[in-house]
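Trainee: First, the structure itself, so that you have it in front of you.
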């Protein structure tokens, strides 16, 4: 007893502020507090220190950008003459046409990839081996083959019959659709088994369980990954220049060749365009995820109602 009392005196007491934060997080999310699982909630000093680090890092980036710009200007790469040559009306119209071709190919590839992934994910999750094994073979094959080889292969086989844009879209669909099929499968498996068991207990068929119970919940898990894959599809459209498709990167390369010292400025402009589009897609994903969380928190899901009915 004496030893236990001596060791007890050495134990650190809980800080009231930290305990209060943990209880607040538990009340909001339920279950274990987030701070005990991931990290401690930063206090006033830590937040002030993080702001200082952020400002210092931003100033460092601005300094590096200033040095790079001055270096390019001293070498005659970023001058008014080069800017006037790159951004003259004919070149801007030419680049905008390439941007339209890029966005069109990316949109078609994204839609086809989403549908392709959904179909083969359903086959991958089927109880029938005649559907499951071929779907698994297709998914694993096209995930393993490099995307460049797929695009070149499709172009060599069907370039004259379907056109360059369709060849690019087919190659992007085969690869990214296979990746999305695995994303769908992982998202559906992330839903607790109790949801499907309760639905089966209510007499629902597997198709109803998949479309009514599992998919609406799995979308919340899959949405960030799906948007990230859509961003990858948009960037992968730049591989169209390999088969001669007139997309943005190919046209920017042609503009850079005809403008003296215009390579750096042209490619920097194209990089900014891609960054802006990808950032917009990322913000769209955050907005959709926030709306889904609000709708899920505002009303009980149909699967939860089924679980309650099955328990009753």
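Trainee: Between residue 104 and residue 90, 0.36 nm times their residue separation minus their Cα-Cα distance comes to what?
Mentor: 2.9 nm
Trainee: Starting from the Cα of residue 77, step 7 Å along the direction of its Cβ; do the same at residue 219; then give the gap between the two resulting points in nm.
Mentor: Going from the residue 77 label point to the residue 219 one covers 4.6 nm.
Trainee: A further question follows. Going by Cα centres, region 224-261 and region 65-125 are how many Å apart?
Mentor: With region 224-261 and region 65-125 each reduced to a Cα centre, they are spaced 5 Å.
Trainee: So, R0 is 51 Å and r is the distance between the beta-carbons of residue 65 and residue 197; what FRET efficiency does that work out to, to 0.05?
Mentor: Computed FRET efficiency for residue 65 and residue 197: 0.35.
Trainee: Ok, one more. In terms of the ratio Rg/(2.2 N^0.38 Å) built on C-alpha atoms, what value belongs to region 72-112?
Mentor: Computed over Cα atoms of region 72-112, the ratio equals 1.72.
Trainee: Here is a follow-up. Once you place label points 7 Å from the Cα toward the Cβ at residue 295 and residue 268, how far apart are they in nm?
Mentor: 4.3 nm
Trainee: What per residue convex hull volume, in Å³, comes out for region 94-311 when only alpha-carbon positions are used?
Mentor: Here the figure is 126 Å³ per residue.
Trainee: OK, next. Work the Kirkwood hydrodynamic radius out for region 104-220: mean of 1/r over every pair of different alpha-carbon atoms, inverted, in Å.
Mentor: It works out to 15.4 Å.
Each value in this text was obtained by applying a stated rule to the coordinates, not by laboratory testing. Because the structure is a prediction, the values reported are computed rather than measured. Ideal geometry is used to build each Cβ from the backbone, glycine not excepted, and the neighbour counts take in all protein chains shown.
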